[in-house]
1. Please list, ordered by first then second residue, the pairs with beta carbon atoms under 8 Å, 6 or more apart or interchain, first in region 1-24 and surrounded by 10 or more Cβ atoms within 10 Å (Cβ to Cβ), second of a type in the set (A, V, I, L, M) and in a helix (DSSP H, G or I).
2. Against the conditions (1) modelled with pLDDT of 85 or more; (2) touching an Asp or Glu at 6+ places or on another chain (Cβ under 9 Å), where does Lys6 fall short? Just the number, please.
3. Would you mention how many residues in region 42-56 are surrounded by fewer than 13 Cβ atoms within 10 Å (Cβ to Cβ) and acidic (Asp, Glu)?
4. Between a first residue in region 54-72 that is among the basic types (Lys, Arg) and at pLDDT 65 or above and a second residue that is part of a helix (DSSP H, G or I) and surrounded by 14 or more Cβ atoms within 10 Å (Cβ to Cβ), which pairs have beta carbons less than 9 Å apart while being 6 or more apart in sequence or on different chains?
5. Looking at Thr35 and the list (1) in contact with a Cys (Cβ under 6 Å, 6 or more places away or on another chain); (2) assigned to a loop (DSSP other than H, G, I, E, B); (3) β-branched (Val, Ile, Thr), which single condition is not satisfied?
Amino acid sequence: MSCWTKEQLEQMLEDVVNELGLSESAIAEHGPLGTAPAKLVRLVLDQKDLTIRCLRAEMVDCEAAKAAGVKP
C-alpha cells in the first residue's frame with residue numbers, strides 16, 4: 001500500500017512532466033496521444049544526448065544530424 005493518495009501521485013507525475021520543459025510542438029504531438037511519462041522522459045533525454053553529440057562534433061544544425069540518422 002502506498003503512503004500517497006492517488007491525487008498526490010498524479011500531482012507528482014504532472015510535476016515531473018512539467019519539469020521536462022517540453023516545447024509547444026512536443027505538447028501538441030504527445031498531449032493528445034497520451035504518451036506515457038516514462039517515454040516522454042526518454043525522448044527528452046535522447047534529444048539532449050543528440051544535442052551534446054552535435055556540439056562535440058561542432059555541428060550547428062542538430063536537426064540535419066537527426067535527419068541524417070545520427071543516433072543520440
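The values are calculated or read from the model by the stated rules, or taken from the named source; none is laboratory data. Note that the structure is a prediction, hence the values are computed from the model and not measured. Every residue, glycine among them, receives a Cβ derived from its backbone with ideal geometry; neighbour counts consider all protein chains shown.
1. Here the result reads Trp4/Met12; Val16/Val41; Val17/Leu40; Leu20/Leu40; Leu20/Val41; Leu20/Val44; Leu22/Leu40; Leu22/Val44, each pair linking region 1-24 to a residue that is of a type in the set (A, V, I, L, M) and in a helix (DSSP H, G or I).
2. It is condition (2) that Lys6 fails.
3. 1
4. Matching pairs, first to second residue: Lys66/Gln47; Lys66/Leu50; Lys66/Cys54.
5. (1)
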